[in-house]
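Here is the structure we will look at, set down as structure tokens.
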Amino acid sequence: MELKIPNISASMNGEVDLFEVMKSLEDNPIDRFSWGKVDPAPMVCFKIAHNNKTILLQYDIWETETLARYSNHNAQVCKDSCVEFFIAFEGEQNYYNFEFNCLGTCHAAWGSDRNNRQLLKSTIINQIQEHTKMQRAIKNGLPLINWQLSLQFPLNVFSFDDIDGLIGKKATANFYKCGDDLCQPHFITWNPVKAEKPDFHLKSHFGRIEFL
């Protein structure tokens, strides 16, 4: 899949309400159940934009159950109700993985594959601005939990790359939803992944993205 990421610099003058800025952007569904669907299935989408110096990312999740046990960065948040963002900038063999539970706790690392990862320091992770919202609501006749996670990634967070601006930059990426320890474990992707068992670290299955 391919994704063109809009530049919303003109909308971000002065104080920024990320929720308001993101409202007009297109929803991108995370709906590929490569390793079996659960019922009722979580409904997940994301919006993404940039202002040349920051990546803006917002997830919107509807699910029957949430789990949030981890509050320290670089814990195993993938076992909680979790959304993830993996990105490899053009020309780079290594990629970043950013994983967040519904509290906004982050696990972040960089490397060439699943087994060769270097954790990002907490001082770097703390530069990511995050905001969470959660409520109980009815959707499609079902009582569900709706949570949103809004994120701002300044370029300094990509600390293993020398990036001075995003305009015109290309990369590959994938976006995920998982919950390893939920009553109904699930592994959902934006770009399809072909593998016998759940594996989000297959860089060859990332989709193409471009920052306009």
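The values are calculated or read from the model by the stated rules, or taken from the named source; none is laboratory data. Computed from a predicted structure; not experimentally measured. Note: ideal-geometry Cβ built from the backbone for every residue, glycine included; neighbour counts use all protein chains shown. To get the accessible areas, we keep the full protein, side chains included, count just its heavy atoms, and leave off ligands, DNA and RNA. Shrake-Rupley method; radii C 1.70, N 1.55, O 1.52, S 1.80 Å.
Here are the numbers for this structure:
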{"item": "Amide H contacts under 5 Å for Gly111, placed H, 5+ residues apart", "result": "Tyr95, Gln118"}
{"item": "Cα-centred dipole magnitude for the range 44-127, charges only on beta-carbon of K, R (+1) and D, E (-1), debye, nearest 20", "result": "280"}
{"item": "Cα-derived Rg over Rh, computed across the chain with Rh taken as Kirkwood radius", "result": "0.93"}
{"item": "Accessible surface of the chain, 1.4 Å probe, proportion on carbon and sulfur as whole %", "result": "45"}
{"item": "3J(HN,Hα) from dihedral phi, the range 195-210, Karplus parametrisation 6.51/-1.76/1.60, rounded to Hz, x for glycine, proline", "result": "7, 5, 9, x, 8, 7, 9, 8, 4, 5, 9, 6, x, 8, 10, 9"}
{"item": "Dipole of the range 53-161 [Lys/Arg +1, Asp/Glu -1 at C-beta], most positive-end residue of Phe160, Ile124, Thr105", "result": "Thr105"}
{"item": "The range 1-53 - Rg over Rh from alpha carbon coordinates, Kirkwood radius", "result": "1.11"}
{"item": "Extension gain (nm, one decimal) between Ile138 and Ile163, 0.36 nm per residue minus Cα-Cα", "result": "4.7 nm"}
{"item": "Pairwise centroid distance, computed over Cα atoms, of the range 32-56 with the range 144-203, Å", "result": "8"}
{"item": "Considering only the chain, percent of DSSP beta bridges that pair antiparallel, nearest 5", "result": "95"}
{"item": "Taking N as its residue count, the alpha carbon Rg of the range 146-212 over 2.2 N^0.38 Å", "result": "1.37"}
{"item": "Net charge contributed by nearby residues that have their C-beta within less than 15 Å of Ile61 (K/R +1, D/E -1)", "result": "-4"}
{"item": "Candidate lysines for bridging to Lys47, where Cα separation is under 22 Å - those fewer than 8 sequence places away on the same chain excluded", "result": "Lys4, Lys23, Lys133, Lys139, Lys169, Lys170, Lys177, Lys203"}
{"item": "Rounded if a/c under 1.5, otherwise prolate or oblate - the range 57-176, Cα gyration tensor axes", "result": "prolate"}
{"item": "Contact order normalised by residue count of the chain, Cα under 8 Å, 6+ apart, percent", "result": "27"}
{"item": "Test item: Cα-centred dipole of the chain, Lys/Arg +1 and Asp/Glu -1 on Cβ, debye", "result": "180"}
{"item": "Whole-Hz ³J(HN,Hα) from phi, Karplus 6.51 cos²θ - 1.76 cosθ + 1.60, for the range 138-146, glycine and proline x", "result": "9, 9, 6, x, 10, x, 10, 9, 10"}
{"item": "Intensity falloff of the range 71-118 expressed as log10 I(q)/I(0), Debye formula with alpha-carbon point scatterers, at q = 0.20, 0.22, 0.29 Å⁻¹", "result": "-0.63, -0.73, -1.02"}
